[in-house]
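Single-structure report; data block below.
What follows draws every value from the coordinates through simple rules; no lab data is involved. Since this is a predicted model, take the numbers as computed values, not measurements. Ideal geometry is used to build each Cβ from the backbone, glycine not excepted, and the neighbour counts take in all protein chains shown.
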Amino acid sequence: MSVCMDTTSVPRWDEERSIAGGGRTFTILSFGDEAAEQARNLLPSFDGRRVDWMRLPAEWGDTAARVLRRQLDASRVGCRLVLVGSEAAVLAARAVAVAGGLVDEEIMPVPIDTADRAVYCAHCHTTHLAGVEVGRCTTCPNCRAELVVYHHVSRHHAAYLGYMIDAEER
Ligand SMILES: [Zn+2]
């Protein structure tokens, strides 16, 4: 499988680590202790702005989703969202934020650890976490399909798409 980096939707985080100017209020969500350290280092760059910093568990879950939705409901024009955590948590949070009305320019993703990827199984439609490189294989824990982690991140599923390894031969 050949992949053209110009057309893939895999996040190039260094390029995305910028945020539209004009933000007056910054909401930082950090996922886990390591992310909290990173978030603390970021604080000086928001000098003079109002910053709400919420520390959440390392793994994305219902609690984090609830906190984020409440924050989105309360947010006004000029709000910027900073997401610090594992790539899986950052992607999941971004999907919720976009569904809640934010646009990409209002979201600053700061992934701290890209070893674990969220992989969406195209076979059984579940998502699991795997320490796998893009282009390598992982076994779906739900349906046991051997999946190739494809160079495509689904914004809807907040995960890399995983296709069955021999799907093209069928
Ligand atoms: Zn599966």
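Taking the residues in region 130-141 that are surrounded by fewer than 18 Cβ atoms within 10 Å (Cβ to Cβ) and hydrophobic (A, V, I, L, M, F, W, C) as candidates, determine which candidate is nearest to the ligand (Cβ to nearest atom). Write out each step before concluding.
So in region 130-141, the residues surrounded by fewer than 18 Cβ atoms within 10 Å (Cβ to Cβ) come out as 131, 133-137, 139, 141.
Now narrow it down to the ones that are hydrophobic (A, V, I, L, M, F, W, C): 134, 137.
Details: 134: 18, 137: 13 Å.
Top of the filtered list is 137.
Where in region 82-133 are the strands (runs of 3 or more DSSP E), entirely inside, with at least 3 residues that are touching a Leu at 6+ places or on another chain (Cβ under 7 Å)?
Output list reads 107-113, 117-121.
Looking at region 142-163 only, could you name the residues that are of a type in the set (D, E, K, R), in a strand (DSSP E or B) and more than 12 Å from the ligand (Cβ to nearest atom)?
Initially, region 142-163 is screened for residues of a type in the set (D, E, K, R), giving 144, 146, 155.
When the remaining residues are screened for being in a strand (DSSP E or B), the result is 146.
Listed by number, the list is empty, since nothing qualifies.
Which count do you get for residues in region 116-170 that are of a type in the set (D, E, K, R) and under 18 Å from the mean Cα position of the chain (by Cα)?
Here the count works out to 4.
Just checking, which of 89, 95, 115 is away from the ligand (no atom under 16 Å from the Cβ), in contact (Cβ under 8 Å) with a residue 60 or more places away in the chain and on the phi < 0 side of the Ramachandran plot?
95
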